[in-house]
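Structure first, commentary second.
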Amino acid sequence: MAKFNENFLNLKESYLFSEVAKKVKAFQDKYPERSVIRLGIGDVTLPLGKSVVKAMHEAADEMGSADTFRGYGPEQGYDFLREAIAGYYRSFGVELDPDTIFVSDGAKSDTGNITDLFSKDNTVLIPDPVYPVYVDTNTMNGRNIIYTAGNKENGFLPMPDKNVHADIIYICSPNNPTGACYSEAQLKEWIDYALANDAVILFDSAYESFIADPELPRSIYQIEGAEKCAVEFCSLSKTAGFTGTRCGYTIVPKGIVSKAADGREMSLNKMWNRRQCTKFNGVPYVVQRAAASVFSEEGRKEAKEMTAHYMINAKIISDTMTKLGINFTGGINSPYIWFECPFGMNSWEFFDFMLEKTGVVGTPGAGFGKNGDRWFRLTAFNNEENTREAMKRFETLFEGK
């Protein structure tokens with residue numbers, strides 16, 4: 001009989017957002033007449049930009065002509081997109097070799113797939129609370145996972161402990177779920193820690209386009225030394241509404257190297273290239289043309305307008321928390337608002353309470369780790385009308401309190 005991967009037995013029974021969906025469906029079955037406002041899963045609601053749709057149409061027309069039809073594309077991504085991404089990074093002072101940029105179907109896939117490149121024996125350091133994919137994918141591989149605590153005292157921005165050794169370090173900034181953002185000095189401290197431990201930082205920058213403060217880094221490569229120890233993941237899902245279109249990219253510098261047991265040098269860039277060529281057939285040409293348009297002058301303008309719309313919603317939510325005296329992070333350089341559960345409830349209790357009383361859906365912080373147990377996440381990815389209505393309903397929870 002085939003032996004299964006028993007590490008899967010160590011996973012929680014269901015993925016966080018599947019459990020949320022199950023509870024919402026039960027509520028709708030019980031109260032079919034009541035409206036539900038979803039501020040939970042971070043799916044976008046605005047349509048793709050006009051320039052993006054135009055690029056997709058033009059690319060689809062190309063695919064319909066023998067003269068311009070394309071079959072298999074390069075697994076690393078077409079040069080026109082890789083160069084467009086490099087141009088985008090140049091706009092905030094980062095010079096990238098296009099050969100270090102790998103186009104994919106999104107950051108979620110790559111933050112999990114990158115684990116293929118590392119031995120099972122590595123110790124993985126993950127902040128808590130955190131995006132569940134980091135934990136689950138390493139649990140599937142049977143790795144030793146240690147945690148660094150994010151909490152109210154450190155603003156949900158845990159810093160390295162020199163007395164703890166790690167080989168692989170996950171960092172997400174702006175953070176999902178807390179919305180907290182690391183400063184340049186804080187990231188430099190993490191880079192110095194990684195270099196001292198011969199570790200690799202896996203840096204998730206999926207929400208970099210929401211950073212409004214010019215003092216906050218948009219990329220870890222704005223920090224000296226990162227090119228020797230950090231892999232960066234980014235996605236167009238939130239930047240340009242590609243949650244369903246699917247396109248992102250991973251940057252693997254050529255300076256991240258290690259020695260094999262027999263003394264041979266191993267390059268992470270070459271290994272990722274080999275992995276992608278073996279297991280991935282690339283992102284469709286039509287999607288890559290659409291993605292390239294995001295980095296054009298018109299595309300960037302549309303993306304900024306999209307981001308601005310969601311940040312209006314974030315301010316509506318943040319202002320409500322401030323009005324009610326609820327402690328929170330995020331909502332300024334991030335589309336997430338992470339707040340302390342009121343009434344002494346834990347996060348799943350508050351989820352059920354808020355859903356039952358208001359029909360508003362959020363995400364229980366416990367789903368992101370034990371440090372999130374009495375915290376809760378709301379997202380800014382609905383429309384403004386629904387967000388205002390959700391906050392009106394939210395305020396009713398405190399009437400007479």
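No value in this document is a laboratory result; all are computed from the given coordinates. Remember, it's a predicted structure, so these values are computed and weren't measured experimentally. As a convention, Cβ positions derive from the backbone with ideal geometry for all residues, glycine included, and neighbour counts pool all protein chains shown.
Once the chain from Arg274 to Met159 is taken as fully extended at 0.36 nm per residue, the excess over their C-alpha distance is 38.1 nm. Calculate, for Glu19 and Phe398, the FRET efficiency according to 1/(1 + (r/R0)^6) with r their C-beta to C-beta distance and R0 22 Å; round to the nearest 0.05. It comes out at approximately 0.25.
Between Lys30 and Glu215, what length comes free when the chain is fully extended (0.36 nm per residue of separation minus the Cα-Cα distance, one decimal in nm)?
Values: separation 185, 0.36 × 185 = 66.60 nm, distance 4.86 nm.
Gain on stretching Lys30 to Glu215: 61.7 nm.
Neighbour counts of C-beta atoms inside 10 Å place Ser267, Ser347, Ser51, Ser334 in the sequence Ser267, Ser51, Ser347, Ser334, starting with the fewest. Largest mean-square fluctuation among Asn382, Asn313, Asn144, in a Gaussian network model of the chain whose springs join Cα atoms under 10 Å apart, belongs to Asn144. Put in line by how crowded their Cβ is, counting other Cβ atoms within 10 Å and starting with the fewest, Met56, Met140, Met1 read Met1, Met140, Met56.
The rule of thumb for compact globular proteins, 2.2 N^0.38 Å, goes into the C-alpha radius of gyration of the chain 1.00 times.
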